[in-house]
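What follows is a set of notes on a single structure, which appears directly below.
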Amino acid sequence: MSDFAFEPLVRNAWYIAAWSNELDEGPIARKIMGEDLVIFRGGDGKAAALEDRCCHRGVKLSLGQPVEKGIMCGYHGLVFDGSGACVDNPGEKLNPAYRVRSFPVVERQKFVWIWTGDAEQADESLIIDFPYHDMTDEYNFHFARYDIGANYMFMMDNLMDLTHLGYVHTSTIGGNPQEHDDAELTTTRTENGAHYIRWMMNSTPPPSFQKAVGFEGQVDRWQDFEYVAPSSVLQWGGGHDAGTGGRENRDKPGGMVVRLFQHATPADDDSFHYFFSTAVRGQAYDAPASTAFHEDILEAFLEDKMFIEAQQEAVGKDPGRRLILREHDKAVAYSRQAIHRMHAAEMPAAAE
Ligand code: FES
Ligand SMILES: [Fe+2]
């Protein structure tokens, strides 16, 4: 397997299983790391993830419904709690042997995180802190998800090299390709990933910025991205009127300031769930600037999906063939290295 194409899956990690608001509608069936799961919030209000297969006759639990003690199988009414134990066996005595597999789950900051590896190692302190989801005075997030047919790391590559913006996203978040290619880029290796900041000083505001808040002239635009292995990207971006001190104080009032959280949860080796949330600072959830930006992102990320799935198809024909990294790809290289470190850390455990 090439170093820079498909990556093996890392099991000992927290992934997004769902957005919190997805569970409001009832149980959902979702394949994560090759496992068919049911994710639900039981009557106790706690989110849980179980294998999507009742231990009685194998029906999918996702066809059932949440009840006070957990989830009730839709076929013969057995109830399983969040630990996978059968806590109600209608018309019969409870039997401790009746259980289904469960996975550690933590719900916080509008994320439902799942640990897919060795449960003993599920350390909640490793979960990324993203307080902006709860800062509703400043940010009101829209939440979305696309299913993409590609190895999850192609999405991380995409986010770690924004020179694609001027080519792929011309009608939305892009802008002038030359300005993207010439952006000042500072890339840093981090303990578990990569960070970069790009500045496009005195540049043309992209259509998304114009639609959301409108700018009279040029802007000083930044893109601040942090990749945290295995598959999260924390994004802080925006622009202020050129020459008004935005570079020294990105948080200053006015302009356009956005926060996004992006994450790729592998469904299997060749497909992933692309979770993303978007917010424009200071805008209500249904304010035109907020919805216009989110709609642009929905459109832009479909463009990424098209390129990434095409990449998967082409690379999949000869996965051992090496790809090239160019100078703009420093963050791509650092993020691939971080994944390799995580994967290497799992190897001894796998070999035991
Ligand atoms: S198959 Fe689930 S209760 Fe029978
Ligand atoms: Fe993109």
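Of the residues Met33, Asn192, Pro66, the one whose Cα sits farthest towards the positive end of the charge dipole of the chain is Pro66 (charges of +1 on Lys and Arg Cβ, -1 on Asp and Glu Cβ, taken about the Cα centre).
For segment 201-278 versus segment 49-107, the inter-centroid distance based on Cα atoms is 42 Å.
As a size descriptor, the averaged projected area of the C-alpha convex hull of the chain was calculated at 19.1 nm². Here Ser125 and Thr190 are evaluated by their C-beta separation; at R0 = 30 Å the FRET efficiency comes out at 0.95. Along the axis of the charge dipole computed for segment 131-346 (Cβ charges of +1 for Lys and Arg, -1 for Asp and Glu, origin at the Cα centre), the listed residues Trp222, Ile148, Ala289 are led at the positive end by Trp222.
Of the trypsin sites (Lys or Arg not before Pro) found in segment 158-218, no site is in coil according to DSSP while having at most 16 other Cβ atoms within 10 Å of its Cβ.
Within the shell of other residues whose beta carbon sits under 10 angstrom from the beta carbon of Tyr75, the net charge comes to +2, with Lys and Arg scored +1 and Asp and Glu -1. The gain in end-to-end length when the Asp137 to Arg108 segment is fully stretched comes to 8.6 nm, 0.36 nm per residue minus the alpha carbon separation. Ordering Met200, Met306 from the fewest to the most neighbouring beta carbons within 10 Å gives Met306, Met200. Among the listed pairs Lys211/Lys305; Lys110/Lys317; Lys69/Lys93; Lys110/Lys330, those whose Cα-Cα separation exceeds 27 Å are Lys110/Lys317; Lys110/Lys330. In loop segments of segment 39-133 as defined by DSSP, the chymotrypsin sites (Phe, Trp or Tyr not before Pro) with at most 15 further C-beta atoms inside 10 Å of their C-beta are Tyr75.
For Ala13, the amide hydrogen comes within under 5 Å of the amide hydrogens of Thr116, Gly117, counting only partners 5 or more places away or on other chains and with H modelled in the peptide plane.
Projecting the Cα atoms of Asn89, Pro266, Pro207 onto the charge dipole of the chain (Cβ charges, centred on the Cα centre) puts Asn89 farthest toward the positive pole.
Looking at segment 124-199, the GluC sites (Glu not before Pro) that sit in a DSSP loop and have at most 16 other Cβ atoms within 10 Å of their own Cβ are Glu138, Glu191. For segment 141-148, putting each phi into the Karplus relation 6.51 cos²θ - 1.76 cosθ + 1.60 with θ = phi - 60° gives couplings of 8, 9, 10, 8, 7, 10, 8, 10 Hz, in residue order, rounded to whole numbers and with x for Gly and Pro.
Counting Lys and Arg as +1 and Asp and Glu as -1 over every other residue whose Cβ lies under 12 Å from the Cβ of Ala289, the net charge comes to -1.
Taken together, the values in this text are just the output of simple stated rules run on the coordinates, not laboratory data. Just so we're clear, the structure is a prediction, and the values are computed from it rather than from any experiment. We place every Cβ from the backbone using ideal geometry, glycine too, and count neighbours over all the protein chains shown.
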